[in-house]
Amino acid sequence: MTIGAALSPQNRIDSTVRLAREAHEAGLHSAWFGQTFGYDSPSLAAIVGREVPGLQVGTAAVPVFGRHPLLVSSQAQTAQAATGGRYHLGLALGTKQLTEAAFGIPYERPIGRLREFLTALRPLLETGSADFHGELLNATTPLSARVPGAEPPVPLLVAAMGPQSLRVSGELADGILPLLAGPRALAEHIVPAVTAAAEAAGRPSPRIVAFVPGVVTADVEAVRETATESLAFYEQFPSYQRVIELSGGTRAVDLAVIGDEETVAAEVRRYREAGATEVVFTATDLGGEADRRRTWKLLGELATA
């Protein structure tokens, strides 16, 4: 199992690079960057990966609405070439509320769009060419879309947790990026569904990159209170409501791993036993800098054990 951390680029790029370097020095294998409406996450991953040799970098995750496979392919291949093959592309459906408010486009047929997006994107990443004509999008290459040095082909992951998106991801992607999906949801629902879809499509076993909010701290109650407020954002979306319930929780904070080193290490083992091939800790800064460093120290030790 590999272990990484999600970095929140709220400060200048140089500060993010310093954090990534610290994570690498602590022994973490990977750094991941979300995509909102600020920094372009593939570009940021490319910069960080270039500045921190040996660190795997990824985006988790770029929404398919408001983007086109040709442009995403260019971004991803450029990041792969810049990092010497250490970039991982994560895609997401996004949400109806944010998509329609931000882009002014209807959030229609999301599963169909995801399927067509992946179908068009895969050959672009592998060969630099595409000739796809679907119901929702077209992607053709009158000129080569190949980026020299983008080797091996960029791994393609999806932030999938629902039955339909898991089926599409198993068939067309290399793995998934579930967030707020606890060991119970992974073992009983998510891992079996995506693995069965991959097997039916003749594809290798998918990567299961579990994103887990977590902090090693002595002040459990204070950090949990902060996490309750910070993670409440996800509770407004049906997809997260569902996976939280399947995990045995009622609120997003119920999926946060907060406690001492023994507590957090035990939870990492539970994720591994539930089928996670990789664990990425998010929100490690909720308890402040000292707790973040303490958390990364433990994760680095677990990563090298």
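The values are calculated or read from the model by the stated rules, or taken from the named source; none is laboratory data. For clarity, every value in this text was computed on a predicted model and none was experimentally measured. As a convention, Cβ positions derive from the backbone with ideal geometry for all residues, glycine included, and neighbour counts pool all protein chains shown. Heads up: the accessible areas ignore ligands, DNA and RNA and are worked out on the full protein's heavy atoms, side chains in. Shrake-Rupley method; radii C 1.70, N 1.55, O 1.52, S 1.80 Å.
Run the dipole for the chain about the Cα centre, Lys and Arg Cβ at +1, Asp and Glu Cβ at -1, nothing else charged, and hand back the magnitude in debye, nearest 20.
Computed charge dipole of the chain: roughly 620 debye.
Only Cα pairs under 8 Å and at least 6 apart count here; give the relative contact order of the chain as a rounded whole percent.
Relative CO of the chain lands at 19 percent.
Before rounding to the nearest 500, sum -39500 (n - 2.57) across all DSSP H runs of length at least 4 in the chain and divide by the residue total; then give [θ] at 222 nm in deg cm²/dmol.
The helix-only estimate for the chain comes to -14000 deg cm²/dmol at 222 nm.
Give me the percent of the accessible area of the stretch 36-168 that comes from carbon and sulfur atoms, probe 1.4 Å, all protein chains in place.
57
I need the trypsin sites (Lys or Arg not before Pro) found in the stretch 4-61, filtered to DSSP loop residues with at most 14 other beta carbons within 10 Å of theirs.
Loop-located and lightly packed - ARG12.
What is the sum of charges around GLU151, taking Lys and Arg as +1, Asp and Glu as -1, for the other residues whose C-beta is under 13 Å from the C-beta of GLU151?
Within the 13 Å Cβ shell, the charges total +1.
In angstroms, what radius of gyration and Dmax does the stretch 15-54 have, counting Cα atoms only?
10.0, 30
Which whole-number value in Å² is the accessible area per residue of the chain, probe 1.4 Å?
So the chain comes to 44 Å² accessible per residue, rounded to a whole number.
How would you order 100-110, 125-135 from highest to lowest mean count of nearby Cβ atoms within 10 Å?
125-135, 100-110
What is the pair-distance distribution P(r) of the chain, computed from all Cα-Cα distances in 10 Å bins starting at 0, with each bin given as a whole percent?
That works out to 6, 28, 37, 23, 5, 0, in percent per bin.
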